[in-house]
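Scroll down for the structure; my scribbles are underneath it.
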Amino acid sequence: MKVTALLPAVLIAAALAAPAQDTSDVLWAKDSFSPLRAFLDSADEWHFYQAAVHWRWNDSVLIASDLVWGIHRVFEIDAYRGIGLRELEGFRGKGIYALSRDSGMVFTYQPPFAKARYPSGEIVDSFPAWPPPGYRDAALNPATNHLLVWTDGPPTLWLYSLDSYQLIDTIPIPHQYPYGQPEWPDGRSYLYGDMAWSTDGRYLLLGLIEQWYVYTGRTWELRQQPRTWLLDIPNRRVLRLITEWYGWPDDLKSSWSGPPYIAAADNFYVFDAQFRLLRTIPVSGSWLRSLDISPDGKYVAGGPGSSGNTRIWEIESGQLLHWYQRGGASNVRYSPSGAYIKTHSEGSIAVLRNVVLSSVEEPTQPFPVLRPTPTTGTLLMGPLQPGIPTQIVLFDLRGRLVARLYDGIPAIATLELSVASLPAGTYLLRLHTDSSVHLFLLLKEQ
């Protein structure tokens, strides 16, 4: 999102003070059925499964793809209030698996990975036959419109285009050992385990199961150990066996354009463009299940799935900046502007306020400087657009939340804000509406 600055003349000091609004770091958190009660019967709740939740290319609407009595149904939810807006009837029986980067196009659950128009649900293209023989698993990358498919018998990793729905190539896989059951008594073999594909489509972490027999003194027992290999997808190469952690990663993320790459395993592991380890970000608690990188590439949000809550770290330093106390940590995703973070599981959904300043581009000109009235510590901000969700937030110069001055829908074009209780210093003030972000320097004097 482009960051602009309002003219200083639109902000003037005022003599009247107004109390700050709610400073909760969770916008809302609900069970997954609650936002949709207006569209479903009470009996549907016992046959309801939340399959996926996506940002609808902006901060204002979430798309929930659910199974109701085994049938795919898709709903839009007001992201600010957690209230269902409408059901998209054209996606009934299809669902939405993923959103393309191109606004207005999505990929469906049924037919598998078909391309459809949003919001009509009209199928544009799909595979002529699915699944391929020996199908085991697939990973879709919206950044490249590519699909990786693993098939057994013999084990093969296929690369398909979701622009043409044609096979592009096969990707080499590790052949340190044969695939299948190991030969008795001293053979070793691999089985397929899992895939994690970086956001930009370059790297794949391929999880395999290494198997071998061990004689216990009485009998031969089959032993298994997870192994992770690094593959370079564009260059069709097997690069190396991952030794930085034990087991399979649960997620691999980058920005849309590339590094850094962050893998979620027992900790966060940060890699450069050549996938050389830069640093490890220690994480206490359970094995990490989900992560996302902020739109500006400076922060990572994630946590241990449904067993814990989301946290935010600075990538460069590895410092933990914030730990939410509710809202879960499954399927963590920043909103397009970076102002919010969505989490969801099969039975819950939440929108968190991003309390760490993010998505701020380098200014093309200095930020306007604001000075509150020294005697009252107040600002009169305007003109604003009445009826438009608006946030006015203060951060320190490292991007950490200091105070939330306003979070609501203004009824008039001006707002009175109080910063009288702030210590003297320099702050960043962010004015965020549904369509724009405006930044200012706030100089608070004694």
Test: residue in the range 200-216 that is closer than 20 Å to ALA98 by Cβ and of a type in the set (Gly, Ala, Ser): yes
Test: residue in the range 282-294 that is buried (at least 21 other Cβ atoms within 10 Å of the Cβ), free of Cβ contacts under 8 Å to residues at least 40 places away in the same chain and assigned to a strand (DSSP E or B): no
Complete set of residues in the range 70-103 that are more than 18 Å from SER164 (Cα to Cα) and small (Gly, Ala, Ser): GLY70, ALA79, GLY82, GLY84, GLY90, GLY93, GLY95, SER103
Flag if LEU206 is within 16 Å of LEU148 (Cα to Cα), in contact with a Phe, Trp or Tyr (Cβ under 8 Å, 6 or more places away or on another chain), hydrophobic (A, V, I, L, M, F, W, C) and modelled with pLDDT of 95 or more: yes
Subset of the range 97-132 (residues that are in contact with an Asp or Glu (Cβ under 9 Å, 6 or more places away or on another chain) and either under 24 Å from THR199 (Cβ atoms) or among the small types (Gly, Ala, Ser) (or both)): ALA114, LYS115, ALA116, GLY121, ASP125
Qualifying strands (runs of 3 or more DSSP E) (wholly inside the range 296-354; at least 2 residues being farther than 23 Å from LEU36 by Cβ): 299-303, 311-314, 320-323
Subset of the range 47-93 (residues that are assigned to a strand (DSSP E or B), closer than 20 Å to GLY387 by Cβ and out of contact with any Pro (no Cβ under 7 Å at 6 or more places or on another chain)): VAL61, GLU76, ASP78, LEU85, ARG86
Cβ-Cβ under 7 Å pairs, at least 6 apart or on other chains, the range 149-173 side outside any strand (DSSP E or B), far side at pLDDT below 95: LEU162/ASN145; ASP163/ASN145
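Rundown of residues vs (1) at pLDDT below 85; (2) in contact with a Gly (Cβ under 6 Å, 6 or more places away or on another chain); (3) among the small types (Gly, Ala, Ser), yes/no style:
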{"position": "HIS344", "(1), (2), (3)": "no, no, no"}
{"position": "SER348", "(1), (2), (3)": "no, yes, yes"}
{"position": "VAL355", "(1), (2), (3)": "yes, no, no"}
{"position": "PHE367", "(1), (2), (3)": "yes, no, no"}
{"position": "GLY399", "(1), (2), (3)": "yes, no, yes"}
{"position": "LEU405", "(1), (2), (3)": "no, no, no"}
{"position": "HIS438", "(1), (2), (3)": "yes, no, no"}
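Residues checked against (1) more than 22 Å from the chain's Cα centre (by Cα); (2) on the phi < 0 side of the Ramachandran plot; (3) among the aliphatic types (A, V, I, L, M):
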site	(1), (2), (3)
ARG81	no, yes, no
GLU87	yes, yes, no
TYR97	no, yes, no
ASP125	yes, yes, no
GLY134	yes, no, no
ALA138	no, yes, yes
PRO142	no, yes, no
Qualifying residue in the range 267-275 (condition: crowded, with 17+ Cβ neighbours inside 10 Å, within 30 Å of TRP46 (Cα to Cα) and not aliphatic (A, V, I, L, M)): no
Total residues in the range 94-142, condition part of a loop (DSSP other than H, G, I, E, B), modelled with pLDDT of 95 or more and among the basic types (Lys, Arg): 1
Total residues in the range 241-270, condition aromatic (Phe, Trp, Tyr) and assigned to a strand (DSSP E or B): 3
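The values are calculated or read from the model by the stated rules, or taken from the named source; none is laboratory data. Worth saying up front: this structure is predicted, and the values here are computed from it rather than measured. Here Cβ is always computed from backbone atoms with ideal geometry, including for glycine, and neighbour counts include all displayed protein chains.
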